[in-house]
Amino acid sequence: MDTLFRLVTFHQPQQDHHHHHSFNSSTTSLSSIPSLSSTPSLSSNHQPCNINNQSHNPFMDEEDFSSSSNPNPNPNFDPSQFSSPKWALKVLVECAMAIETQDSTRTQHLLWVLNELSSPYGDTDQKLAAAFLQALFCKVTDSGRKTHRNLVAAAEKMYTFESTRRMMLRFQEVSPWTTFGHVAANGALIEAMNGENRIHIVDISGTYCTQWPTLLEALATRSDDTPHVRITHVLSSVGPAGHRVSREIGARMEKFARLMGVPFNFSSLHVAEIEALNHENLKLQEGEVLAINCIFSLHKVGPTSRDTAVSALRRLDPRVLTLVEEEVDLDSDRGQGFAAWLGECVRFFRAYLESLDESFPKASEERLMLERAMARAAVDLVACPADESRERRERSGWWARRMRACGFGPVGFSDDVLDDMRALLRRYREGWSMGLGRADDEAGSGVYLEWKEEPMVWASAWKP
C-alpha cells in the first residue's frame, strides 16, 4: 500500500526564536500528501489514498518505523485504552502540548497513536483524528502552505459548479447551519428595505447565492409594489472557474426572478480585497438603497486586515449590514498557547462533525465533501501562517466590538423574524435550538444557532 507519507525522524530541535517548533524533514515528499480537500469554501471527493481497511488510517505504515527509532515504546500498545468518549480531543491536545514543548519523542509517539486510531471513514472521533493528524504532521514538517495549496487546487479540479451547488442544497436540506443565517439576514433585509422601490444588495458570501430565492419570493408577495432588486455578488476569485461560477449563478437567479415576477439584475464583481469596494466599482445608482450581506465571509479576511475591511464597508453607508459567522475563536494570536488553541479548534470541529453524522445518511457523498473541507480547514489553521489563513474565525464579542469601533450599531431582530427562525429549526432533527444574545458576550442583539446547547453560528444585523 502506498503511504500518505513516510514518518521522518524528528531531529532534536535547536533553539529557534522565530518558530513554534523546529522539527525538520529532508526526506518527506510533499507530492505524496493527498487531497482531503474541497471547493473554495467547502470540499473535494479526492480520496486521501486507496484505503481498504476502513478502521485504519494509513498516514504511516509500520515499516516506516525502524527498530532504532520506534515511535511506540510499548510493543503491547492497546488502542482500546482510547475508547472513552471524545478520545480524539485528549490525544490531539497531548500531541499539541508535545509540539509546544518541543518534545520530539513524545510527538512522534502520539502521531503514531493517532495514525493507528484514526480513519476518515470512521466515527466522529476517528474522522477528527484523521483530519488533525494530517494538520499536525504538516506543522512539524513545515509543509502546511504547500500542502494546503495542493489540496485547494485538487478540490477545484475535482468538483464542478453543479456538484458543489448540489452539496450546498443538500446541506441546507438536512442542517440549519447555513439556512439559520439566511433566514435571519433575509428578515433583517426585508424589514430595513420596507417601502423602497430600488434595492441594491452587495452579497459577500460563499453559499452560491442559495439565500436569494427565498428573499425574492418574499418580495414578490409583498402587499405593495414589487421593488427592483439588484444583487452584486462579490468574488475574490478571478480565474476561469470563478467566471464560470458567476455566469451560472447569474443565469439561474435571473430565471428564478422572472418566474417570481421580480424586476431583477445580477452582476459579479471580482476584487482582491474587500477594502477595494467603493461606490464606483459597485456602480451605485441614484435612488438605490444599499444593503450589504456578509455570510461566513469576513473571517476569510486576514485577522490584521479585518478592521480595515469593516471600515471600508462602513464608508459605503449601507441602510443595513447583515453579518453571520461561526461562533468560535480560532485566532491563534490570543496568547493562550498552541495546545489550548488547538483544543478550541478540535472542540468546534467535533461538534460540526457530530452534527453532520446525525443529519446525513451514512453513505452520503455530500457529507464526505463537507468532511474533507473540514480536513482542509484543519491544515489551514494548524499548519499555515496565521496572516495567510482564511479559517481564523472569531467569536461574536470580537466582531461586535469591531463593528461598533468602525461606526456600526446593532439592529435587533423583530419578533416576526425570530418566529421565522424558530419555525425553521422545527424542520430539522432534534438537537438544534436558538439562543438569544447574552449579556457577557458583548454581541448585543445577535442570535445563536445552537447544537445540543453549544452555540455554533451567530447571526446579527447592523446599521451606520
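The values are calculated or read from the model by the stated rules, or taken from the named source; none is laboratory data. Predicted, not measured: the structure shown is a model, and the values here were computed from it. Neighbour counts run over all protein chains shown; Cβ positions are idealised from the backbone, glycine included. The area values use the complete protein model at the heavy-atom level, side chains included, leaving out ligands, DNA and RNA. Shrake-Rupley method; radii C 1.70, N 1.55, O 1.52, S 1.80 Å.
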Picked from region 160-214 (must be hydroxyl-bearing (Ser, Thr, Tyr) and assigned to a helix (DSSP H, G or I)), the residue surrounded by the fewest Cβ atoms within 10 Å (Cβ to Cβ) is 214
Would you confirm whether or not region 340-356 contains a residue that is under 30 Å from residue 203 (Cα atoms), open to solvent by 10 Å² or more (accessible area, probe 1.4 Å) and of a type in the set (S, T, N, Q)?
no
Q. Just wondering, is there one or more residues in region 104-123 that are closer than 15 Å to residue 342 by Cβ, polar (S, T, N, Q), surrounded by 22 or more Cβ atoms within 10 Å (Cβ to Cβ) and touching a residue at least 12 places away in the same chain (Cβ under 8 Å)?
A. yes
Is it the case, given these coordinates, that residue 267 is outside any helix (DSSP H, G or I) and of a type in the set (Gly, Ala, Ser)? yes
Taking region 172-219 and the residues there that are more than 26 Å from residue 278 (Cα to Cα) and of a type in the set (Asp, Glu), the one that is farthest from the chain's Cα centre (by Cα) would be 217
For region 255-267, pairs from a residue that is open to solvent by less than 50 Å² (accessible area, probe 1.4 Å) to a residue that is in a loop (DSSP other than H, G, I, E, B), with Cβ under 6 Å and 6 or more apart or across chains, are 262/226
Listed by first then second residue, the pairs whose first member lies in region 196-220 and is more than 16 Å from residue 234 (Cα to Cα) and in contact (Cβ under 8 Å) with a residue 40 or more places away in the chain, whose partner is open to solvent by 30 Å² or more (accessible area, probe 1.4 Å) and of a type in the set (Phe, Trp, Tyr), with beta carbons under 7 Å and at least 6 positions apart or on separate chains, are 213/256; 216/256
Exactly one of 154, 129 is in a helix (DSSP H, G or I), surrounded by 23 or more Cβ atoms within 10 Å (Cβ to Cβ) and among the aliphatic types (A, V, I, L, M), and that residue is 129
Here the qualifying pairs (Cβ atoms under 6 Å; residues six or more apart or on different chains; first in region 312-328 and free of Cβ contacts under 8 Å to residues at least 24 places away in the same chain; second aromatic (Phe, Trp, Tyr)) come out as none
